[in-house]
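J.: My structure is below; once you've seen it, I'll send some questions.
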Amino acid sequence: MKIIDVHAHCGEWFFPIYMNEARRIIGLMDKYGVEKAVFSSSLAVFYDMVEGNAQLNEFLSGSPRFYGYAILNPNYMDLSVEQIEKYLGVQKFLGVKIHPDYSRKSVSCHESVELLEKARKLKKVVLLHTWGDEQIRATSIVADTFPDMTVIMGHMGGDGKEGAGWKAGIAAAKGRPNLYLEICGSVLHRDRIKEAVEAVGDDRILYGSDMTLLNPSIAVGMVEEADISQSSKENIFHRNAERILHL
Amino acid sequence: MILYTITGVATRTSSQGERSCGLRSTVPKLLTGVGPRTPQTEVAQMPSQIVDMNTHFGVYPRMKADISLEILERLIEQNGVTRAVTLSLKGVLYDYVEGNAETLRKCSESRKLVPAATLDPRKCTDAVADVSALVSRGFKVLRLFPDLQEWPLRFAPVRSIVHELHRVHIPLMVNALTYGVATELTDLVGEHAFPVILSGIGYWVLSEVIVLMKDNKNTFVETSYLDSPDAIEVLVREVGADRILFGSNTPMTYFRGPYLSVAKADISDHEKEMIFHLNAEKILGEVGE
């Protein structure tokens, strides 16, 4: 089955993971039938947004199957605006991503909202790392603030203890038609996908893997094993991404 | 970061009418490969057998989840698991005496289920008696859950239990999800002749586990949380395929992800067979021999 991965990374990790070569990433995608993937730079997330986005831009030229999100850091407003202007006109950049854990800034803070408004005007999607109740609330505020912007909630809200995170993520998405749930995580409770489909429908759930931090086997296995229809699986694996990303 | 797991390991009991402790003699040899029955992501070479070292059943009060024995048995069947090492969560979340009894009772009714024992250090005041009782009843693996029961490794009852395991030489499987737990456990166990199986190991503690496994040849890792894309390959390269045991943590979490991680790893077919069942058969079969 065709798969489009809306949550992928290139770059190094501070863990024993050795996948930072385009040919290895393509091998990983081939192994699991991933046709296209949208990447952000781990360098940009963890350390230097400018250098990381530049590396990503170069990386994207390595394969027609690679697409990207520009990372924005609301601590550096001028530089973030420059990143938007520099990359969001590039065809292979499909949107922006903000990771609140590493910038220590909420995605709903004044600065983040100002940056997201610029992305909205360019009709780009936004992927927001979302983990736990506080970040779910912040992502929900962004979705409410920009009802005409496609907002992707990374990790479905998280895979914390006793289902904390993803259950609240599903609840948040329920009444927000522009809020999409991206599914990846490490600890994937067995009813996660079924509950999401039953609550929000199969047209607002997106396959994401978090590769190359995580193995696509985890998210692929979760969707394949989920007790939902084949049509719903196809929506999650690729149709929804094709629709919102115009792929 | 990941905060918890439910994992499993264990054995076969003499009370079930099995021959001594020989898992190897009790696992039926199949002529064709096994694996998930639903047509999904292609796997070139199915393993001939699967021993899942990490399953459980019962009730989970902390979150709505159907983890009944019926669900576990259905998933085992669907996924072509030959044998599943399992335990009742009653022993983890309520009372280990009642839980172990339930584990034995349920496993005696199924040819595919292999019972794991557990002890709760918060209650265990006589490790000599408790561990001896487990051995005499036929349990061949002991599982401990510091994450779910929230006790530290530096805890006198744990020290007593470990001391007793030195005497009886049954494998110990411990959830070691957070930084330092595996290190503390290894320090506590010291030079050990019995297998120590580390469970709940994800990318964040992978370096810790590799370093420990290089220094302690009787330390093993269970696969259910090995979530980085080359974790299996890295472990095979660093410590060898003979130190890795397949586990899924089903039914709380999905089976198929951990299965695919091993089935599609860039390692030899024989190494996959080792991980999927040969290593488990060896560890479980050696107990009591």
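J.: Limited to segment A:180-190, what total is found for residues that are closer than 19 Å to A:Ser229 by Cβ and either charged (D, E, K, R) or over 18 Å from the mean Cα position of the chain (by Cα) (or both)?
T.: So the count comes out to 1.
J.: Something else about it: What is the number of the single condition among (1) over 29 Å from A:Lys161 (Cβ atoms); (2) touching a residue at least 40 places away in the same chain (Cβ under 8 Å); (3) out of contact with any Phe, Trp or Tyr (no Cβ under 6 Å at 6 or more places or on another chain) that B:Glu42 does not meet?
T.: Tallying (1) over 29 Å from A:Lys161 (Cβ atoms); (2) touching a residue at least 40 places away in the same chain (Cβ under 8 Å); (3) out of contact with any Phe, Trp or Tyr (no Cβ under 6 Å at 6 or more places or on another chain), B:Glu42 fails exactly one: (2).
J.: For the subset of segment A:176-185 comprising residues that are more than 14 Å from every other protein chain (Cβ to nearest Cβ) and not basic (Lys, Arg), which member is surrounded by the fewest Cβ atoms within 10 Å (Cβ to Cβ)?
T.: Keep residues of segment A:176-185 that are more than 14 Å from every other protein chain (Cβ to nearest Cβ), which gives A:176-182.
When the remaining residues are screened for being not basic (Lys, Arg), the result is A:177-182.
Values: A:Pro177: 14, A:Asn178: 18, A:Leu179: 25, A:Tyr180: 24, A:Leu181: 28, A:Glu182: 28.
Once the filter is applied, the top-ranked residue is A:Pro177.
J.: Among the residues of segment A:27-37, is any farther than 14 Å from A:Asp210 by Cα, within 14 Å of chain B (Cβ to nearest Cβ) and assigned to a loop (DSSP other than H, G, I, E, B)?
T.: Taking segment A:27-37 as the starting set, the residues that turn out to be farther than 14 Å from A:Asp210 by Cα are A:27, A:30-31, A:33, A:35.
From the residues that got through so far, the ones that are within 14 Å of chain B (Cβ to nearest Cβ) too are A:27, A:30-31, A:33, A:35.
This time we only want the ones that are assigned to a loop (DSSP other than H, G, I, E, B), so: A:33.
Scanning segment A:27-37 turns up at least one residue that is farther than 14 Å from A:Asp210 by Cα, within 14 Å of chain B (Cβ to nearest Cβ) and assigned to a loop (DSSP other than H, G, I, E, B).
J.: Shifting gears a bit: Conditions first: (1) under 15 Å from the mean Cα position of the chain (by Cα); (2) more than 28 Å from A:Phe59 (Cα to Cα); (3) crowded, with 23+ Cβ neighbours inside 10 Å; (4) of a type outside the set (Gly, Ala, Ser). A:Ile193 passes all but one, so which condition is the exception?
T.: Of (1) under 15 Å from the mean Cα position of the chain (by Cα); (2) more than 28 Å from A:Phe59 (Cα to Cα); (3) crowded, with 23+ Cβ neighbours inside 10 Å; (4) of a type outside the set (Gly, Ala, Ser), only one is false for A:Ile193: (1).
J.: Just the residues that are modelled with pLDDT of 95 or more, more than 8 Å from chain A (Cβ to nearest Cβ) and in a helix (DSSP H, G or I), please, taken from segment B:190-236.
T.: Listed by number, the residues that qualify are B:Val205, B:Glu208, B:Val209, B:Val211, B:Leu212, B:Met213, B:Lys214, B:Ile232, B:Glu233, B:Leu235, B:Val236.
Condition check ((1) within 14 Å of another protein chain (Cβ to nearest Cβ); (2) in contact with a strand residue (DSSP E or B) (Cβ under 6 Å, 6 or more places away or on another chain)) across all residues:
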{"site": "A:Val197", "(1), (2)": "no, no"}
{"site": "A:Asp203", "(1), (2)": "no, no"}
{"site": "A:Pro216", "(1), (2)": "yes, no"}
{"site": "A:Val223", "(1), (2)": "yes, no"}
{"site": "A:Asp227", "(1), (2)": "yes, no"}
{"site": "A:Lys233", "(1), (2)": "yes, no"}
{"site": "A:Phe237", "(1), (2)": "yes, yes"}
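J.: Of all residues in segment A:50-106, which are touching a strand residue (DSSP E or B) at 6+ places or on another chain (Cβ under 6 Å) and in a helix (DSSP H, G or I)?
T.: A:Gly52, A:Asn53, A:Gln55, A:Leu56, A:Phe59, A:Leu60, A:Gln83, A:Tyr87
J.: Cβ contacts < 8 Å: first residue at positive phi, restricted to segment A:194-215; second residue of a type in the set (Gly, Ala, Ser) and buried (at least 22 other Cβ atoms within 10 Å of the Cβ), any location; separation 6+ or different chain. Result?
T.: Listed by first residue and then by second, the contacts come to A:Asp210/A:Ala8; A:Asp210/A:Gly185; A:Asp210/A:Ala219.
J.: Return the only residue of A:Ala119, A:Ala173 being surrounded by 24 or more Cβ atoms within 10 Å (Cβ to Cβ), part of a helix (DSSP H, G or I) and touching a strand residue (DSSP E or B) at 6+ places or on another chain (Cβ under 6 Å).
T.: Numbers: A:Ala119 fails: surrounded by 24 or more Cβ atoms within 10 Å (Cβ to Cβ).
That would be A:Ala173, the only listed residue that is surrounded by 24 or more Cβ atoms within 10 Å (Cβ to Cβ), part of a helix (DSSP H, G or I) and touching a strand residue (DSSP E or B) at 6+ places or on another chain (Cβ under 6 Å).
J.: If you take just the helices (runs of 4 or more DSSP H) that sit entirely in segment B:245-289, which of them hold at least 3 residues that are crowded, with 24+ Cβ neighbours inside 10 Å and within 14 Å of another protein chain (Cβ to nearest Cβ)?
T.: Numbers: elements: B:256-263, B:269-273, B:279-286.
Result: B:256-263.
J.: State all residues of segment A:137-163 that are part of a loop (DSSP other than H, G, I, E, B) and surrounded by fewer than 19 Cβ atoms within 10 Å (Cβ to Cβ); if no residue qualifies, say none. Walk me through it before giving the result.
T.: Within segment A:137-163, the first condition is being part of a loop (DSSP other than H, G, I, E, B), and the residues that meet it are A:146-150, A:158, A:160.
Scanning segment A:137-163 gives A:Phe146, A:Pro147, A:Asp148.
The values are calculated or read from the model by the stated rules, or taken from the named source; none is laboratory data. Everything numeric in this text was worked out from a predicted model, so none of it was measured. Please note: Cβ atoms are built from the backbone with ideal geometry, for glycine as well, and neighbour counts cover all protein chains shown.
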